[in-house]
Each structure stands twice: as structure tokens, then as C-alpha cells.
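As C-alpha cells, the structure follows; a few thoughts come after it.
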Amino acid sequence: MAALYKPTEAISLLRSALLLPRIQPSTIRRPRAAFSTTRKTQATEPTFPGSPIPQPSRKSITLTGDTGRVHWNQLSPGEKVVRTTQQSFNLIIVAVGLVATGGVTYFLFSDVFSPNSKTAYFNEATEKVRADPRCQKLLGEASQIAAYGESSWSRHARNRFLSSTEETDKWGTDHLKFRFFVEGNTGKQGVVHVHLIKKPSMSTYEYAELTVDVKGHRSIDLAAKEKQDHVAPKIFGARWW
């Protein structure tokens, strides 16, 4: 006997077969983020043609911390005053250095290296004393005669300071006078007096006096022959120059 068709039972069977299983939220797999080797760029403000470029921050200019790298137009009024003061001070230091160098150079040339300097005539007079036989007889061998300036309390502290004077008379003649000491291996000491003159028509000095005084002995005149050579001959019983 064939079974009777029941529509309600058929519908319930089809519904159970068509229903899909529910997916649990825990079983859903989320996609992984893609790996990137590039760094995220920071957002920058847009620049437009003609707009000023932002400058990095810098330290303020000080008298001791100004290197001159910052342009003059980028300085504030106070910083401009600081830079002007610093440059003015540096200019003064350079000027003082130049003046001091010029003064030292002039002193060395006029007192040491010039052929008309006091040192040059001191050396020349010393050689005349050493070469004179009369001085060698009193003081000793020429190579043993020492010459020095003003005497000191210590024999080892003798210096080359010369007591000298310079003046010009009313006729325009320059006078240079100085003295120094000489001593030889005989133990005797002498004082050398030098008087040099230079007339307006002369380019170098000549000896008006060069004497050596040794205690207990007559004064030795080393300029007597030179003075005779410069004496003008007499014409009709008179000297005309």
C-alpha cells in the first residue's frame, strides 16, 4: 500500500537540508598587513613660489662666540652692534700690533743695525782700543780686552747699556757722546770717552774725541791722528774751512 504524500513533512526535510552551518567569529582569519621597507613620511607644509624658506634655529651672536658665518642681513639690531664692537676691537688690536712692530723695528735699526748707530760706533771704538799698542801695554793682549757699558754691582751682570747724550748745536752740527769701560788680563780697568760730531755737510760721524783713561797713567788720545787729518791747511796764514 503506497504511503500518503504529506506536504508539511517534505517541507521540513528540505529546510534542514538547505540550512548552512553558522561560522563562528573566532574562526574568521584576518588578512595580515603587508610588510613595507619605506619609512612613513612626515607631513610637511606646502611651499609656494616666492614664499620664504624657513631657516633653522641658531644661537645668538656674542662677543666671544661670533664666527662670522651668519650673514649680516640675518642679524638682529643687537647682534649687529655686537659684531661691530668685536670687529672694531680686533682692528684696534691689529693697529696696536703694527705700531709696536714699527717701533721695535725703528729702534733696532737706529740703535743696532744702522751704520750711524751708537752700537756701531761702540764696536768701532772698541776695535780702535784693542788695536792701539799703548792700550795693549796697559790692559794686555788685544783678544783679552773686554768692553762693556755701565758697571754693575756684580761682575757677571755687566750689560751693554751705554751712558750717552745726543744734541744738535745752533750751527746744525750733531754731537754724540758716550762712554764705556774696558778691562784686560792685567787686571787694570780703563774708561773710554767718545765724542762724535756730524756737520750738515757730512753723511757720517767723525771722532772729535776718543780717549782712554787708566787710573795712575796718562790719558791716551786715539783720535789725535784723525783730528790732524781733518784739519784744513793754512792758506796765507789762515784756515779757510
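What to note about this one:
- Largest-first ordering by accessible area, 1.4 Å probe, given options 167, 206: 167, 206
- Nearest-10 value in Å² for the accessible area of residue 93, using the 1.4 Å probe: 90 Å²
The values are calculated or read from the model by the stated rules, or taken from the named source; none is laboratory data. Predicted model, so just to flag it, every value in this text is computed and none were measured. Protein only, heavy atoms only, side chains kept; ligands, DNA and RNA dropped before computing areas. Shrake-Rupley method; radii C 1.70, N 1.55, O 1.52, S 1.80 Å.
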